[in-house]
Structure formats: C-alpha cells, structure tokens
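Remarks on the structure that follows.
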Amino acid sequence: MKNKLIILTNDDGIKSSGLNALRSELSQIADVVCFAPAEASSATSKALTFHKPITYSTIAYDDGTIGYSTTGSPADNVLVGFHVLKRKPDLVVSGINYGDNSSIHSILTSGTCAAAFEAYFHKVPAIAFSADLADDSQMFIQRGINFDKMAKISSAITNIVLELEWPEDLAFLNVNYPQQITEETKVFITSPALYKYNNYMIEKKDPRKLTYFWLWGEKKESFPENTDSWAVVNQNGISISPIGLNLHDTSDSSLKLVTMLQQQIKDNMLY
C-alpha cells in the first residue's frame, strides 16, 4: 500500500523554521513534498501569478527528499505541486505560520489560509496551522518561536485527518496555537471572529517630500466568546475552526434587497 501523500506549503517562505519543523514531523507519518515561496509572501491572500512565469529551484533535504522553492504565491505553490506530482495528494498542509490566522479578516488576507482554500477548489482536504506572536515584529524577523511542540501536535492532528472521511462542504481546518503550550492548554472548537486588528494608515514624507503610507494595526484586547481569536488571545488556548465557503447570503433582508434591485433593473432597462 502506498504511503499517504502530503503537499506542504506556507507563506513565510521555504526557509521558515515553522515549515521545516512541521516537515520533520509530518515525514514520519506520510510522504511529504514541500512547495513553498522562495521569499516571504505574507498577506498575499489567494493571489495567482498570471503576468509572469513561475520559476523554481529544488532544495535537497538530509533525508534524501527534495522540495521546491518557487517564485509563486502560496496558492501558486499548491497548483505547482498538483502539476509536478505524479498522483493526487491526500492532503495539503499549510504552515506553521508566524502569526495566528484567527478572524475572518485574517483568514481572507492570509497566504497560509489561501493555500488551503486553493486545495479545496481541487477537492483536496487541507489544514492551515498558525502560531500567535508575543510581538508582531516576529513575523518579519522570523525568530523567537520554538515550533517543536506545535509541530508534534500538528502531526497528530494530520494523522487523524488522513484516516477520516472529509466532509464535502468543509473547505479546510484552521488551527491556531497560542504563544505558549503547556499541559494546562485547552483546545477549543471555534468560529471565526470578525477581525483581530484595528488597522490604520501611517502617513509620512520621504526625503523627496513625497507622501507615502504604511499599513499597520494594533491587536484588539478582547473578542467574543467561542471565537478563534478569543480562544487564542484571551484563553491562551488552541483553536480549531472548520472553515466553509458558502458566500451566498439567503437572509430575508438580503433577498428583499436583490428582489427590489431586480425589479428596478427590469423597469429601467432599455431593450
């Protein structure tokens, strides 16, 4: 019987310690092939590269396997993986990300989660793993986190998922870790909060007196109970969220609005 096959990717880049810690653990339960961006690609969402070629180089690992470092986005890397591999993978795993990806706003912005979204469109199950940061600057210097314990837990979760039937409407599992994991750390089943950061623009002048903007944000201090951000930030727990992709709003108020618009278009349309 063939071993299970996993595509492993991320948005922090092929050299990320989160990716490599996870690769080491996953390699003990399945065949793992890394397809990851050559450079950090955080907050790229589900961008795809149409305007230029995607190139790659191979990475030789100590266990004799190779990985692929590409110029593409995280979602691109999933597609490159599907093309290169000779058989359909059993699972796409993305992470472990520097910075938790809790809240709807972060999920839709994250390249880590976008890779998992891309897998869903090709009917491949996926899990995204991310870790909260004590200081958001760690996201850019990629230091200060020991991923070993998170990688072991992630591997255990992955091993279970590989043996279960994947729900048809489940896009991916979004798993977020707190800054520290101890024996007292609780695991919460959560739904996404709306947003985690209060974002704002910093406006400054460069040496040529031209105005530029720098996007930044401050993490909120409290979140609604039983949401992913609440579990990670307020409870220092592990959050597991099943993420779906039904973008169709069927509430009465929305249907009333579009019905009114439909009639207005009919009444004012020139044929």
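Below, the figures for the structure above:
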| quantity | calculated |
| --- | --- |
| Cleavage-rule hits (trypsin sites (Lys or Arg not before Pro)) in segment 1-104: DSSP loop, at most 10 neighbouring Cβ within 10 angstrom | LYS2, LYS86, ARG87 |
| For the chain, built as a Gaussian network whose Cα springs stay under 10 Å, the top-fluctuating residue of PHE129, PHE121, PHE188 | PHE121 |
| Degrees, to the nearest 10: 252-268 long Cα axis against longest axis of the chain | 50 degrees |
| Aspartates and glutamates whose Cα lies under 18 Å from that of LYS149, excluding same-chain neighbours fewer than 8 positions away | GLU25, ASP100, ASP132, GLU183, GLU184 |
| Size of charge dipole - segment 159-271 - debye, nearest 20, with Cβ of Lys, Arg +1 and Asp, Glu -1, no other charges | 900 debye |
| Loop chymotrypsin sites (Phe, Trp or Tyr not before Pro), segment 25-120 (other Cβ atoms within 10 Å of the site Cβ: 11 or fewer; DSSP) | PHE50 |
| Charge dipole (debye, nearest 20) of the chain; +1 at Cβ of Lys and Arg, -1 at Cβ of Asp and Glu | 800 debye |
| Nearby lysines by direct alpha-carbon distance to LYS86 (threshold 21 angstrom, same-chain neighbours under 8 apart not counted) | LYS2, LYS4, LYS123 |
| Given charges at Cβ of Lys, Arg, Asp, Glu: segment 1-141 dipole, positive-most of SER41, LEU108, GLY64 | GLY64 |
| Tensor-based shape of segment 44-188 (alpha-carbon gyration tensor, a/c under 1.5 rounded, otherwise prolate or oblate) | rounded |
| GluC sites (Glu not before Pro) within segment 211-266: DSSP coil, no more than 13 neighbouring Cβ in 10 Å | GLU221, GLU225 |
| Shape call, the chain: gyration tensor on alpha carbons, a/c limit 1.5 | rounded |
| Helix 74-84 axis, angle to the chain major axis (alpha carbon atoms, nearest 10°) | 60 degrees |
| Tensor-based shape of segment 1-130 (alpha-carbon gyration tensor, a/c under 1.5 rounded, otherwise prolate or oblate) | rounded |
| Rounded Å value of the spacing that divides the Cα centres of segment 76-117 and segment 238-270 | 28 Å |
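Any read-out appearing in this document is the output of simple, stated calculations on the displayed coordinates, not a laboratory observation. Only a predicted model underlies this, so the values are computations on that prediction, with no experimental measurement involved. All Cβ positions, even for glycine, are placed from backbone atoms using ideal geometry, and neighbour counts span all protein chains on display.
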